[in-house]
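Working notes, beginning with the structure itself.
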Amino acid sequence: MAVGARSGHDDPEEGREQLAESPEDVTDRPAEQRGDGGERRDDRDTAEGSGAGAARKPRSFWKELPLLIGIALLLAFLIKAFLVQAFSIPSDSMQDTLQRGDRVLVDKLTPWFGAEPQRGEVVVFHDPGGWLDGAETPEPNAVQWFLGQIGLMPSSDEKDLIKRVIAVGGDTVECKKGGKVQVNGHALNETDFIYPGNTPCDDQPFGPITVPKDSIWVMGDHRQNSLDSRYHQELPGHGTVLNKDVVGRAVVVAWPVNRWSLLPVPGTFDQPGLSTAASVATAATPGALALAGAVPIVLWRRRRLTRRSTAG
């Protein structure tokens with residue numbers, strides 16, 4: 001009995017030793033000794049890892065392609081509407097500066113900030129009315145029409161013209177046969193841009209004409225092959241173009257590649273005394289507005305600094 005009592009007493013003692021072991025000791029044992037519980041945790045970790053990998057798998061290129069195309073078309077449309085637009089030169093009226101078939105990029109951004117056409121700039125403008133009567137407008141196919149609407153191709157369904165600004169609102173412009181174009185009494189030296197062999201205006205002398213406010217007087221560089229302001233004086237506006245009809249300034253020849261070039265303002269338009277008082281006032285208006293807006297800010301800042309000094 002005593003032996004039996006001792007042997008029956010021994011088993012619980014071993015059990016208590018096992019229960020008293022620390023969790024670290026159990027964890028440190030190999031998986032095969034930990035039993036099914038350890039194996040289940042390993043399986044669960046593996047399953048979770050494979051699920052996370054599946055969630056991070058990128059979509060295929062073909063699924064992303066429609067989204068990329070949509071974003072590209074939206075950006076192209078916004079660029080055409082607010083930044084730049086391509087135009088095709090349909091005639092020889094701006095030779096040699098521009099050739100028939102050239103593609104130019106027109107700046108449409110600066111007019112949004114109040115910029116107005118300036119003398120010497122090459123500008124694209126909508127037909128003021130009657131300038132393109134009888135002119136043939138090519139019929140674009142569906143692809144050309146679509147690309148033209150988003151600005152990836154020159155638009156062929158819009159009646160636009162391209163000329164050089166000679167005079168702006170408030171200027172007096174004239175040209176007598178055998179003479180030079182004069183703006184506010186100052187003769188223009190046009191040899192840098194007028195077509196070789198052309199005269200300034202012998203085919204159609206004009207003036208003197210005072211350009212109305214918010215309008216421009218335009219002429220082609222190929223004077224003997226340009227139906228410009230001189231030829232539309234019988235129409236409303238007497239040959240001038242409203243600033244609001246100007247799409248923007250042509251800034252660069254973008255195509256063909258071998259004709260890449262900028263379209264700067266010729267130096268003759270920078271000569272001293274060319275601007276009238278009205279033109280100077282117009283040009284100074286943005287600066288005056290900025291100054292008027294800055295004055296209250298400066299006064300407020302000075303008052304604030306004065307208060308700080310007094311408090312100190």
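Structure values in brief
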{"quantity": "Unmet criterion (only one of (1) at pLDDT 95 or above; (2) in a strand (DSSP E or B)) for GLY207", "calculated": "(1)"}
{"quantity": "Qualifying residues in segment 171-196 (those that are open to solvent by 80 Å² or more (accessible area, probe 1.4 Å) and without any contact (Cβ under 8 Å) to a residue 60 or more places away in the chain) - the one nearest to the chain's Cα centre (by Cα)", "calculated": "THR191"}
{"quantity": "Positions within segment 243-269 being assigned to a strand (DSSP E or B) and open to solvent by 40 Å² or more (accessible area, probe 1.4 Å), in sequence order", "calculated": "ARG249, VAL251, TRP255, SER261, LEU262"}
{"quantity": "Filter result (open to solvent by less than 40 Å² (accessible area, probe 1.4 Å) and on the phi < 0 side of the Ramachandran plot) within segment 111-126", "calculated": "PRO117, ARG119, GLU121, VAL122, VAL123, VAL124, PHE125"}
{"quantity": "Residue count, segment 92-110 (criterion: out of contact with any strand residue (DSSP E or B) (no Cβ under 6 Å at 6 or more places or on another chain) and either surrounded by fewer than 18 Cβ atoms within 10 Å (Cβ to Cβ) or free of Cβ contacts under 8 Å to residues at least 12 places away in the same chain (or both))", "calculated": "7"}
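The values are calculated or read from the model by the stated rules, or taken from the named source; none is laboratory data. In this text the structure is predicted, and so the values were computed from the model without any measurement. With ideal geometry, Cβ positions are generated from the backbone for all residues, glycine too; neighbour counts draw on all protein chains shown. These area figures cover heavy atoms from the full protein model, side chains too; ligands, DNA and RNA do not enter into them. Shrake-Rupley method; radii C 1.70, N 1.55, O 1.52, S 1.80 Å.
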